[in-house]
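Here the structure comes first, spelled out in structure tokens, and everything after it is commentary.
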Amino acid sequence: MWRVKEFYEPEDFKNETSKAGNIENKEQNEAHNTESLSPSGSLPTVGKSDVDNIGVCASGGRGSFPITSWAEDDRPREKLTRIGAENLSNAELLAILIGSGNTNESAVDLMKRILKDCDNNLGTLGRKSISELSQYNGIGEAKAISILAACELGKRREHEDKLERLDLSTPDSIYAHLLPKIRDLDVEEAYVVLMNNNYKHIKTVRLSHGGITETAVDVRLIIKEAVLCNATVVAIAHNHPSGNIQPSGYDDQITQQVKRACDAMRLHFLDHIIVTDGAYFSYRESGKL
């Protein structure tokens, strides 16, 4: 005899049926939502302000990009290496000091904002306190100290430059400048004295340390030193330990070589001074230059 079995739906079949129903309901809901977007059934338009807002949210503005993502020619450190510190703005130089900005501003943009609050005056920036600078987002105590230290160094350099800019326009002044260096030497030494257009002292460099009666001078080194410090006026000097202020034939030869080299480089060769303890000889005063 045949027995009729009761029919039971397997669990997998029930699950698949349920999924199919859910998908159908979802498609119906999406179709309804699409029709309600606009009278024509199309997507709503997006205005320019909405696009701008999206852009701002995505990028945070130009300043949010770190300096390392900038083109290499625009990065402050690389610019300084390539074209020199004098060609960077104050903001770029200060950005090198602080190293980084904040989440919305690069180091350069942050320093531009701080300088703007100081009327773009470094003196005003240098009078800020650590606590005042620390109020800016991205400036902590360490960065504030670095900024103020740099401003203080600038002030001290300016003060020292004023003290060191001696007027060396005359043989007397050059002699007085060099005498303490070489008056007690028992061998000859040669020096180059470098000046600016106004005969203000820039730098004095010892060229050689020689024997009792002579010392070698490399004319190329004189020109190199002048070019490196942007000098426009050159004077050379050496001592005679014997006390005899009269120039030798070799002294005359060196003087003419230096004169020709300076003329070629458009430098003004001011004088050649022979120094002894108590007297000097000037090529220019004697008419030999």
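The values are calculated or read from the model by the stated rules, or taken from the named source; none is laboratory data. Model, not experiment: these values are computed from the prediction. We place every Cβ from the backbone using ideal geometry, glycine too, and count neighbours over all the protein chains shown. When the accessible area is computed, the model is the full protein with side chains, heavy atoms only, and any ligands, DNA or RNA have been set aside. Shrake-Rupley method; radii C 1.70, N 1.55, O 1.52, S 1.80 Å.
Descriptive notes on the structure:
- Whether a residue is touching a Pro at 6+ places or on another chain (Cβ under 8 Å) and hydrophobic (A, V, I, L, M, F, W, C) was assessed, and Leu133 does not pass this test.
- When Thr215 is tested against the conditions (1) touching a His at 6+ places or on another chain (Cβ under 7 Å); (2) over 21 Å from Ser169 (Cα atoms); (3) assigned to a strand (DSSP E or B), the lone failure is (3).
- With respect to (1) outside any helix (DSSP H, G or I); (2) of a type outside the set (Gly, Ala, Ser); (3) open to solvent by 50 Å² or more (accessible area, probe 1.4 Å); (4) under 21 Å from Arg284 (Cα atoms), the lone exception for Tyr250 is condition (1).
- Filtered by the rule that a residue be surrounded by 13 or more Cβ atoms within 10 Å (Cβ to Cβ), among the small types (Gly, Ala, Ser) and assigned to a strand (DSSP E or B), segment 253-289 gives a lone residue, Ser282.
- Ile96, sole failed condition from (1) modelled with pLDDT under 90; (2) closer than 30 Å to Ile202 by Cβ: (1)
- Cross-chain or 6+ apart pairs with Cβ under 8 Å, segment 167-184 first and within 15 Å of Tyr283 (Cα to Cα), then of a type in the set (A, V, I, L, M, F, W, C) and surrounded by fewer than 19 Cβ atoms within 10 Å (Cβ to Cβ): Ser173/Leu166
- Inside segment 96-110, residues that are touching a Lys or Arg at 6+ places or on another chain (Cβ under 9 Å) and at negative phi make up a count of 7.
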